[in-house]
Amino acid sequence: SKAALFDAENKVKITFNDVAGLDEAKEEVKEIVEFLKNPGKFTKLGGKIPKGALLVGPPGTGKTLLAKAVAGEAAVPFFSLSGSDFVEMFVGVGAARVRDLFKQAKEKAPCIVFIDEIDAIGRSRGKGQMPGSNDERENTLNSLLVEMDGFSTDSGVIILAATNRPDVLDQALLRPGRFDRQISVDKPDIVGRTAIFKVHLKPIRLDSEVDAKKLAAQTPGFAGAEIANVCNEAALIAARKNKEKVDMQDFQDAIDRVIGGLEKKNKIISPEE
Ligand code: ATP
C-alpha cells in the first residue's frame with residue numbers, strides 16, 4: 001500500500017529544547033530552519049539555498065531527533081524513510097518509492113525529507129557487502145540523485161540524511177548541489193551527557209539524591225539513546241519494587257543493565273572477540 005512507502009508527519013512537536021548537548025550541530029541546523037522559514041531573505045542577493053546536509057555520527061546520538069527538531073522549529077512537515085528498508089525491496093520498488101517521496105514532498109513544501117541510514121542506499125560500488133541485489137540498490141541511488149538534481153534550490157524541500165559510515169558513501173552523493181554539507185553529531189562528553197540526563201529525568205518522579213552530573217560521570221561512552229534507555233529502565237526498576245520515587249540505586253541497576261545489553265550486542269556483532 002501507498003501508506004507503507006515512507007513516513008510523513010505534518011505536525012512535528014519536537015523542538016531544539018528536546019535535543020540536549022550537540023551545541024555545534026544545533027548552530028549549523030539553525031541556519032536550515034532560517035532557510036525554511038524565510039527563503040527569500042537568502043535568495044535575494046543571488047545565493048542558492050543548499051539542498052541537503054549529511055548528519056554524521058555513531059548510532060543513537062540524536063541524528064533523527066535533530067532532523068525532526070529542524071522540522072518542528074520551522075513548523076514544516078517531516079517526511080522520512082530509512083535506507084535499510086530498501087535492502088529487502090523488490091526490483092523497481094526502491095526507485096519508485098524515492099520518486100513518490102519527492103513528488104509528495106514538493107507538493108507539501110516547504111518541508112524536510114529525512115533519509116536515515118543513507119549508506120544502505122548510497123554505498124559506492126563494491127564497498128562492503130549488503131544483502132539484496134546490488135543493481136537494485138544502484139537503481140535506488142540513481143533515482144535519488146536524479147530527484148536531487150531535478151528540483152531547484154528554491155523548491156523549499158531540504159533533505160537531511162544520516163549515516164555512521166560516511167567513508168563508504170558514493171562520492172556522487174557528496175558533490176556540490178547534493179549533500180555538500182556535513183554536520184557532526186558526536187557522542188556526548190560529560191557536559192553533554194549531563195544535559196541529556198536532565199532532559200530524560202524531567203518526566204520521572206525522582207528521589208532528591210538523584211543527580212544528573214553524577215549519572216553522567218558513571219556513563220562514559222553512552223550515546224543519548226542509551227541515556228534515555230537508562231532513565232526509562234530506572235523508572236521501571238523502581239516501579240517493580242513498589243517505590244514512590246526513583247533513587248540512585250535504581251539508576252545504578254539500570255546502568256548495569258544497559259551496559260550488560262551493550263556487551264551482549266557487541267558479542268553478537270563480533271563473536272571472535
Ligand atoms: P541511529 O543512527 O541509530 O538512527 P540516531 O542518531 O538517529 O540513531 P536518535 O534516533 O535520534 O539517534 O536517538 C534515539 C533517542 O535517544 C531519541 O529519540 C532520544 O530519546 C534519545 N537521544 C539521543 N540523542 C539525544 C540528545 N542529544 N538529546 C536528547 N535525547 C537524545
**Q.** Boolean, A67 is in contact with a strand residue (DSSP E or B) (Cβ under 6 Å, 6 or more places away or on another chain) and either over 22 Å from G150 (Cα atoms) or loosely packed, with under 15 Cβ neighbours inside 10 Å (or both)
**A.** yes
Q: Go through region 184-205 and give me each residue that's more than 12 Å from the ligand (Cβ to nearest atom) and surrounded by 20 or more Cβ atoms within 10 Å (Cβ to Cβ).
A: none
**Q.** Residue in region 16-44 that is surrounded by the most Cβ atoms within 10 Å (Cβ to Cβ), counting only those that are assigned to a loop (DSSP other than H, G, I, E, B) and under 22 Å from the mean Cα position of the chain (by Cα)
**A.** L22
Q.
Just the residues that are surrounded by 13 or more Cβ atoms within 10 Å (Cβ to Cβ), of a type outside the set (D, E, K, R) and assigned to a loop (DSSP other than H, G, I, E, B), please, taken from region 45-57.
A. I49, P50, G57
Q: Answer yes or no: is there a residue in region 77-91 that is charged (D, E, K, R), within 16 Å of the ligand (Cβ to nearest atom), modelled with pLDDT of 90 or more and closer than 24 Å to R137 by Cα.
A: no
Q) Can you name the condition, by its number, that D253 falls short on among (1) in contact with a helix residue (DSSP H, G or I) (Cβ under 9 Å, 6 or more places away or on another chain); (2) under 29 Å from I14 (Cα atoms)? A) (2)
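Condition check ((1) small (G, A, S); (2) part of a strand (DSSP E or B); (3) touching a helix residue (DSSP H, G or I) at 6+ places or on another chain (Cβ under 8 Å); (4) within 30 Å of A234 (Cβ to Cβ)) across all residues:
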| position | (1), (2), (3), (4) |
| --- | --- |
| Q104 | no, no, no, no |
| E136 | no, no, yes, no |
| E147 | no, no, yes, no |
| A162 | yes, yes, yes, yes |
| I183 | no, yes, yes, no |
| R193 | no, no, yes, yes |
| H200 | no, no, yes, yes |
| P203 | no, no, no, yes |
Q) Looking at region 237-253, which of its residues are closer than 13 Å to L206 by Cβ and either in contact with an Asp or Glu (Cβ under 8 Å, 6 or more places away or on another chain) or part of a loop (DSSP other than H, G, I, E, B) (or both)? A) A238, K243, E244, K245, V246, D247, M248
**Q.** Verdict on D180 being at pLDDT below 90, farther than 29 Å from I49 by Cα and surrounded by fewer than 15 Cβ atoms within 10 Å (Cβ to Cβ)
**A.** no
Q: Provide a single number: the residues in region 206-230 that are surrounded by 18 or more Cβ atoms within 10 Å (Cβ to Cβ) and farther than 18 Å from P59 by Cα.
A: 5
(Q) Within region 206-234, take every residue that is among the hydrophobic types (A, V, I, L, M, F, W, C) and part of a loop (DSSP other than H, G, I, E, B) and give me the one that is farthest from the ligand (Cβ to nearest atom). (A) V210
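The values are calculated or read from the model by the stated rules, or taken from the named source; none is laboratory data. Because the structure is predicted, anything quoted here is derived from the model rather than measured. Methodologically, a virtual Cβ is constructed for each residue, glycine included, from the backbone with ideal geometry; neighbour enumeration extends over all protein chains shown.
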